[in-house]
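Colleague: Following this message is one structure expressed as structure tokens.
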Amino acid sequence: STSGSALRFEAVPLDQEATEGAQVTFTCQVSSVADAMVTWLRDGNPMKTGPRLQQRQDGTRLILTMDRVTQVDDGMYGCQLTTAEGLTVASATWMLRVSRVSKSPVFLSQLQDCSISEGQPISLEVRVEGKPAPRVSWQFKGRPLPPRARSSHVGGVAKLMIQNASCHDDGMYVCVAENTHGRAESSARVHVKGALAQGHALNMQVLRTTAGRGMHKLYFNKNEDTEEFWTLLIISS
């Protein structure tokens, strides 16, 4: 309204939608250049300008720029002019809706297959992003990691470390990233070269032997805590 003054708002912004982090600009058109104080309103309350909120005037155009909007900026906006005579001229209002950025997890790099020797550490690293930030977990041969494995997820970098690797750590490792919008996986095959392959003696216990038709089989226990074993086949002439 103008209430006896020729000063009025001729155009105001339409309702707008924006995603978090975007820049939003509001432009109001007034009827004439006037010596008036400009006040921008959100939900009926005056807004304070600052590094993220800047206002300027270009002739009869009043401009408000908001950087890096968040959901806190969601609301009903308007503009108000106050003349030197104390006359207040208010614009019509418009709505700003700010939505969260949503993105399913995506791996910016992939896990790489590797080969190490027994006793060396296993170290796997991968970069992942998503909105909201994804939850990261690891699997080994389709199961949760052994207790001695250590994992972290900081700044979008997921890491896995296993000290003093043994032949039982040989296998497929999978990094799983999940958020409310989706799931992604990255996998790598880790080969742990045992002492037998390196030409060293192993502390193996002979479990049993079998013989027949010129062949002898020796079964060696690999680990006292497991039922895994190696088979040595001897063919006699």
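Colleague: Take the Cα atoms of the stretch 1-146, build their convex hull, and give its volume per residue in Å³.
Modeller: For the stretch 1-146, the hull spanned by Cα atoms encloses 161 Å³ per residue.
Colleague: Counting Lys and Arg as +1 and Asp and Glu as -1, what is the net charge of the other residues whose Cβ lies under 12 Å from the Cβ of residue 43?
Modeller: That sum, taken over residues with Cβ under 12 Å, equals -1.
Colleague: Full-extension gain between residue 54 and residue 166, please, as 0.36 nm times their residue separation minus the C-alpha to C-alpha distance.
Modeller: Between residue 54 and residue 166, full extension yields 34.2 nm more.
Colleague: A follow-up question, please. Whole-Hz ³J(HN,Hα) for each residue in the stretch 83-93, computed from phi via Karplus 6.51 cos²θ - 1.76 cosθ + 1.60 with θ = phi - 60°, x for glycine and proline: what do you get?
Modeller: Once rounded to whole Hz, the list reads 7, 4, 7, x, 7, 10, 10, 10, 8, 5, 9.
Colleague: Taking the Cα-to-Cβ direction at residue 29 and at residue 87 and moving 7 Å from each Cα, how far apart do the two end points lie in nm?
Modeller: Modelled inter-label distance: 2.1 nm.
Colleague: Order the following by accessible area, largest value first: 20, 185. Probe radius 1.4 Å; ligands, DNA and RNA are ignored.
Modeller: Working: 20 65, 185 100 Å².
Putting 20, 185 in descending order of accessible area: 185, 20.
Colleague: What is the distance, in nm, between label points placed 7 Å from the Cα along the Cα-to-Cβ direction at residue 104 and at residue 187?
Modeller: Roughly 1.8 nm, to one decimal.
Colleague: Right, next: Provide the net charge surrounding residue 104, with neighbours chosen by a C-beta distance below 14 Å and charges set as Lys +1, Arg +1, Asp -1, Glu -1.
Modeller: Once all neighbours under 14 Å are counted, the net charge is +2.
Colleague: Tally Lys and Arg at +1 and Asp and Glu at -1 over the other residues with C-beta under 13 Å from the C-beta of residue 68: what net charge comes out?
Modeller: Cβ neighbours under 13 Å give a net charge of -2.
Colleague: Once phi is turned into ³J(HN,Hα) by the Karplus curve 6.51 cos²θ - 1.76 cosθ + 1.60 with θ = phi - 60°, what whole-Hz value does each residue of the stretch 144-159 show in order, with x for glycine and proline?
Modeller: For the stretch 144-159, the Karplus curve yields x, 5, x, x, 7, 6, 10, 10, 8, 8, 10, x, x, 10, 9, 10 Hz.
Colleague: Determine the dipole magnitude for the stretch 1-121: charges of +1 sit on the beta-carbon of Lys and Arg, -1 on that of Asp and Glu, nothing else is charged, the reference point is the Cα centre, and the result goes in debye to the nearest 20. Kindly include the intermediate steps, with their values, before the conclusion.
Modeller: Details: 10 positive and 13 negative charges, 49 e Å.
Around 240 debye, computed over the stretch 1-121.
Colleague: For residue 133 and residue 22 in one chain, what is 0.36 nm times their gap in residues minus the Cα-Cα distance, to one decimal in nm?
Modeller: Once the chain is fully extended between residue 133 and residue 22, it gains 38.1 nm.
Colleague: Determine Rg/Rh for the stretch 38-118; Rg is computed over alpha-carbon atoms and Rh is the Kirkwood hydrodynamic estimate from the same atoms. Can you show the working numbers first?
Modeller: On the way: Rg = 22.9 Å, Rh = 16.5 Å.
That ratio equals 1.38.
The values are calculated or read from the model by the stated rules, or taken from the named source; none is laboratory data. Everything quoted here is computed from the prediction, not taken from an experiment. All Cβ positions, glycine included, derive from the backbone under ideal geometry; neighbour counts span all protein chains shown. The area values use the complete protein model at the heavy-atom level, side chains included, leaving out ligands, DNA and RNA. Shrake-Rupley method; radii C 1.70, N 1.55, O 1.52, S 1.80 Å.
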